[in-house]
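Asks: Structure below; questions to follow.
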């Protein structure tokens with residue numbers, strides 16, 4: 001089974017019949033990729049059921065096939081599938097927040113599973129280049145703007161709430177779930193029962209060794225597929241759960257390929273592909289300090305701006321050109337050229353046939 005089959009299998013079970021589990025967590029984190037603008041309120045007192053949200057969404061959105069991001073397509077497909085099920089249709093949705101500008105990309109919403117339990121879902125990176133630059137900034141800056149937005153979101157919505165909270169997200173959303181849970185108000189932190197990072201990137205060395213991380217570590221659940229790429233970026237401890245994806249390489253990041261057995265994901269072992277990548281990324285990070293990493297990121301995104309690349313779709317079409325320009329540019333700092341060559345070596349060592357940039 002995959003997550004869609006799971007919904008079909010357990011659609012008539014309430015959360016009293018069958019409690020919340022890791023597959024439900026991935027479903028809620030995937031639903032965060034849908035654009036709920038003008039449908040779900042940013043006010044926590046104005047709530048709609050998933051059934052109501054789904055009906056409103058599909059009455060105004062007819063052409064899903066024109067959406068180019070896999071994660072968004074998966075979210076929309078899930079919304080259509082869950083909105084009429086006994087298990088999900090009466091769950092309340094509210095406090096939808098989206099920010100997308102030249103500096104940051106952030107989105108979050110709350111699912112009220114019952115009167116005493118909420119799942120806070122942070123969206124992963126969407127098509128905006130600003131969001132991808134923000135992801136890269138995490139290599140040298142903490143916190144980035146999205147971290148601040150996520151922490152503020154938890155504090156604003158749950159400081160005076162008596163509900164227990166599960167916080168989660170996929171990709172960048174998983175990183176936001178982790179950091180916001182580390183940095184939120186003490187009283188909010190005490191209400192969090194679990195934090196799920198579904199193939200989300202890690203932290204800088206200082207943060208992984210901090211007391212803030214230690215304060216939530218026992219509640220943190222890091223799920224990665226056996227061909228993980230994103231989930232192994234930056235620093236992380238080794239206490240992650242490796243699950244089976246039916247697709248290798250970059251496609252393993254997509255939640256629809258994660259294999260489900262009953263009410264959990266099939267366990268697996270980390271592939272040699274991911275082990276090599278993990279070691280290579282850490283070696284690369286150790287070699288260059290924050291100042292050099294910042295110079296590298298700014299140089300890369302300056303090239304993107306000069307090539308008028310403003311979305312992920314454009315980046316995928318022009319990635320070979322960008323790397324070619326970066327390698328040949330006489331205006332680049334020598335240290336940036338060295339960093340690019342080292343990074344390309346890491347990519348080459350991980351078996352290029354699996355990577356989306358081939």
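The values are calculated or read from the model by the stated rules, or taken from the named source; none is laboratory data. Not measured: the values here are computed from a predicted model. Cβ: placed from backbone, ideal geometry, glycine included. Neighbour counts: every protein chain shown.
Asks: Determine, yes or no, whether residue 337 is part of a helix (DSSP H, G or I), under 24 Å from residue 129 (Cβ atoms), modelled with pLDDT under 75 and not assigned by TED's automatic domain parsing to the domain that holds residue 244.
Replies: no
Asks: Within region 241-253, work out how many residues are closer than 29 Å to residue 214 by Cα and modelled with pLDDT of 95 or more.
Replies: Qualifying residue count, region 241-253: 4.
Asks: Of (1) under 22 Å from residue 121 (Cα atoms); (2) in the same structural domain as residue 348 (by TED's automatic domain parsing), residue 292 satisfies all except one. Which?
Replies: Against the list (1) under 22 Å from residue 121 (Cα atoms); (2) in the same structural domain as residue 348 (by TED's automatic domain parsing), residue 292 comes up short only on (1).
Asks: Residues in region 104-113: is at least one modelled with pLDDT under 95 and surrounded by fewer than 23 Cβ atoms within 10 Å (Cβ to Cβ)?
Replies: Yes, region 104-113 has at least one match.
Listed here are the residues, each with its yes/no results for (1) part of a loop (DSSP other than H, G, I, E, B); (2) within 30 Å of residue 305 (Cα to Cα).
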| site | (1), (2) |
| --- | --- |
| 72 | no, yes |
| 78 | no, no |
| 84 | yes, no |
| 87 | yes, no |
| 95 | no, no |
| 113 | no, no |
| 121 | no, no |
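Asks: Go through 161, 181 for me and flag whichever is touching a helix residue (DSSP H, G or I) at 6+ places or on another chain (Cβ under 6 Å) and either part of a loop (DSSP other than H, G, I, E, B) or crowded, with 23+ Cβ neighbours inside 10 Å (or both).
Replies: 181
Asks: Taking only region 223-265 into account, find how many residues are part of a loop (DSSP other than H, G, I, E, B) and farther than 21 Å from residue 81 by Cβ.
Replies: 12
Asks: Given the condition surrounded by fewer than 19 Cβ atoms within 10 Å (Cβ to Cβ), outside any loop (DSSP other than H, G, I, E, B) and touching a helix residue (DSSP H, G or I) at 6+ places or on another chain (Cβ under 6 Å), answer yes or no: does some residue in region 205-212 qualify?
Replies: Yes, region 205-212 contains a residue that is surrounded by fewer than 19 Cβ atoms within 10 Å (Cβ to Cβ), outside any loop (DSSP other than H, G, I, E, B) and touching a helix residue (DSSP H, G or I) at 6+ places or on another chain (Cβ under 6 Å).
Asks: In region 49-58, is there at least one residue being in a loop (DSSP other than H, G, I, E, B) and surrounded by 19 or more Cβ atoms within 10 Å (Cβ to Cβ)?
Replies: No, every residue in region 49-58 fails to be in a loop (DSSP other than H, G, I, E, B) and surrounded by 19 or more Cβ atoms within 10 Å (Cβ to Cβ).
Every residue, every condition in (1) free of Cβ contacts under 8 Å to residues at least 12 places away in the same chain; (2) within 13 Å of the chain's Cα centre (by Cα); (3) more than 15 Å from residue 204 (Cα to Cα), yes or no:
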{"position": "125", "(1), (2), (3)": "no, yes, yes"}
{"position": "131", "(1), (2), (3)": "no, yes, yes"}
{"position": "134", "(1), (2), (3)": "no, yes, no"}
{"position": "140", "(1), (2), (3)": "no, no, no"}
{"position": "144", "(1), (2), (3)": "no, no, no"}
{"position": "155", "(1), (2), (3)": "no, no, yes"}
